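Remarks on the structure that follows.
The values are calculated or read from the model by the stated rules, or taken from the named source; none is laboratory data. Remember, it's a predicted structure, so these values are computed and weren't measured experimentally. Reconstructed Cβ throughout: ideal geometry from the backbone, glycine too, with neighbour counts over all protein chains shown. Note: accessible area is taken over every heavy atom of the protein model, side chains too, but ligands, DNA and RNA are not part of it. Shrake-Rupley method; radii C 1.70, N 1.55, O 1.52, S 1.80 Å.
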Amino acid sequence: MKILVTGGLGFIGSHTVVELQQQGFDVVIIDDCSNADEKVLNGIAAITGIPPLFEKIDLREKNQVVDFFKRHNDIEGVIHFAASKAVGESVREPLLYYENNIGTLVYILKELIQKEKASFIFSSSCTVYGQADAMPITEDAPVKPAESPYGNTKQIGEEIIFDTCKVRANLNAIALRYFNPMGAHPSIEIGELPVGIPQNLVPFITQTGMGVRGQLSVFGDDYPTEDGTCVRDYIHVVDLAKAHVVALQRLLSDKNDTNFEVFNVGTGKGSSVMEVIQSFERVSGKKLKYQIVERRSGDVVEAYADTTKANKVLGWKALSSLDNAMKSAWEWEQKIRA
Ligand code: UD1
């Protein structure tokens, strides 16, 4: 069974390709390599023994999308990762984000709905909840006004799929709302490859540990949390990747209750920035250099998932601990800097 993975050379995409191949799916990757490297294909093949098919396509080029689906008319499902995800950049370049994250989604859905039956998985984010009123966050928590064009593209993306599913029973879709992915494949063949200065906490920590960055800035320690730093739900990228496979299997087996469902994908456990730093220090045996600075604008105080729905309905649960995920992130960082 052939599955298209857009953005399949990226961090979450590449780990999902590995899990799909290991479950026997044939994978075709589309990536424009704007934020990923073709060498990731070698890493995937080193793990699974199967070099995935790859086409370098810019999904903003509608003709190329149409042409791709003509040539691959046996595609039965799409996992759509390809998108831009830097919050700050989205504020400066909103149209880039709307074109990249919304335009491409529309083009793909237009092709998919022409099929007799199609399955679609969308990369959404816990950012849709903003600062939720209660922890842990269930899927019923209200979607709050987006803090950035990036966050807005995730909300609009979900609405586009929802509206399409209402009138197209042949389309089966799931939106996975990711919490904070981190870590690397245990083989250390693939991992996170941020371009430039990392915006996310964990790659910034591991780069600081390697001396690539001088010190970590901790954005605020006066939040109303136990130690004053923000709390997030850090999930091992392999656990997150596996959630995509079970979601896809649900769609393909027609077990879904309605043709559009959303699931939180997290561990259910919140960790503060200080706890993440301590985890790094435990697994690396190194002291991390950091200083407390001003709060970062747009940060929510805390966000961690209620994963009951994914546990019950998908039969999926995150298995890895924070330390285990951190260990893989650290091993990966050491490998790419060697
Ligand atoms: C961020 C985005 C989120 C997006 C996700 C994609 C914001 C407000 N949220 O999530 O919408 O889906 O990235 O990857 O930008 N931190 C530091 N120092 C650093 C970096 C981070 O203290 O150098 C802290 C942050 O304040 C936060 C935590 O670490 O409390 C996690 O930050 P980050 O990795 O950027 O993830 P989110 O902000 O949760």
Open item on the list: How many angstrom lie between the Cα centre of the stretch 80-132 and the Cα centre of the stretch 320-334?
Closed with: 28 Å
Task: Mean residue ellipticity (222 nm) of the chain, computed from DSSP H runs ≥ 4 via -39,500 (n - 2.57), nearest 500 - done: -11000 deg cm²/dmol
Task: Highest-MSF residue in the chain out of Ala86, Ala175, Ala325 [GNM, Cα springs under 10 Å] - done: Ala86
Task: Order by protection proxy (mean Cβ within 10 Å, highest first), peptides 291-297, 207-213, 234-240 - done: 234-240, 207-213, 291-297
- [ ] Calculate the length of the line joining the C-alpha centroid of the stretch 252-311 to that of the stretch 203-233, in whole Å.
- [x] 14 Å
- [ ] Return the long-range amide H neighbours of Ile29 (sequence gap of 5 or more, or a different chain), with a cut-off of under 5 Å between placed amide H atoms.
- [x] Val5, Leu53, Phe54, Glu55
Open item on the list: Tell me the Kirkwood radius of the stretch 166-217: reciprocal of the mean inverse pair distance over distinct alpha-carbon atoms, in Å.
Closed with: 14.1 Å
Open item on the list: Give the aspartates and glutamates whose C-alpha is closer than 14 Å to that of Lys117, dropping any in the same chain fewer than 8 places away, or say none.
Closed with: Asp74, Glu76, Asp254
Open item on the list: Placing one identical point scatterer on every Cα of the stretch 230-273 and ignoring solvent, what is log10 I(q)/I(0) from the Debye formula at q = 0.14, 0.15 Å⁻¹?
Closed with: -0.44, -0.49
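Could you give the accessible area per residue of the stretch 207-338, probe 1.4 Å, as a whole number in Å²?
Per residue, the stretch 207-338 has 47 Å² of solvent-accessible surface.
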TODO: Could you pull out every residue, at least 5 positions away or on a different chain, whose amide H is within less than 5 Å of the one on Ile292? Hs are placed 1.01 Å off N in the peptide plane, and Pro or chain starts have none.
DONE: Val218
- [ ] Count the lysine pairs in the stretch 220-338 whose Cα atoms lie under 25 Å apart, taking only pairs 8 or more positions apart in sequence or on different chains.
- [x] 25
TODO: Output the pairs from Lys85/Lys166; Lys39/Lys70; Lys2/Lys85; Lys56/Lys166 with a Cα-Cα distance over 30 Å in this structure; if there are none, say none.
DONE: Lys56/Lys166
TODO: Write down the accessible area per residue of the stretch 32-110 in Å², having rolled a 1.4 Å probe over the full set of protein chains.
DONE: 53 Å²
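Listed highest first by mean packing, meaning other Cβ atoms within 10 Å per residue, what order do 276-285, 248-257 come in?
Ranking the peptides 276-285, 248-257 by packing returns 276-285, 248-257.
Once the cut-off is 38 Å, how many percent of the Cα-Cα pairs in the chain end up in the long-distance tail?
Working: 6133 of 56953 pairs.
Every Cα pair in the chain considered, those over 38 Å come to 11 percent.
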Open item on the list: For the stretch 44-128, report the % of Cα-Cα distances exceeding 19 Å.
Closed with: 49 percent
Open item on the list: How much of the DSSP bridge set in the chain is antiparallel, in percent, rounded to the nearest 5?
Closed with: 5 percent
Task: the stretch 1-59 - percent relative contact order, Cα under 8 Å, separation 6 or more - done: 36 percent
Open item on the list: Please list 3J(HN,Hα) in residue order for the stretch 18-34, calculated via the Karplus relation 6.51 cos²θ - 1.76 cosθ + 1.60 where θ = phi - 60°; whole Hz, with x for glycine and proline.
Closed with: 4, 5, 5, 4, 5, 9, x, 7, 8, 10, 10, 9, 10, 8, 9, 6, 6
TODO: Please determine, in degrees from 0 to 90 and to the nearest 10, the orientation of helix 62-71 with respect to the longest principal axis defined by the Cα atoms of the chain, where the helix direction is its Cα long axis.
DONE: 60 degrees
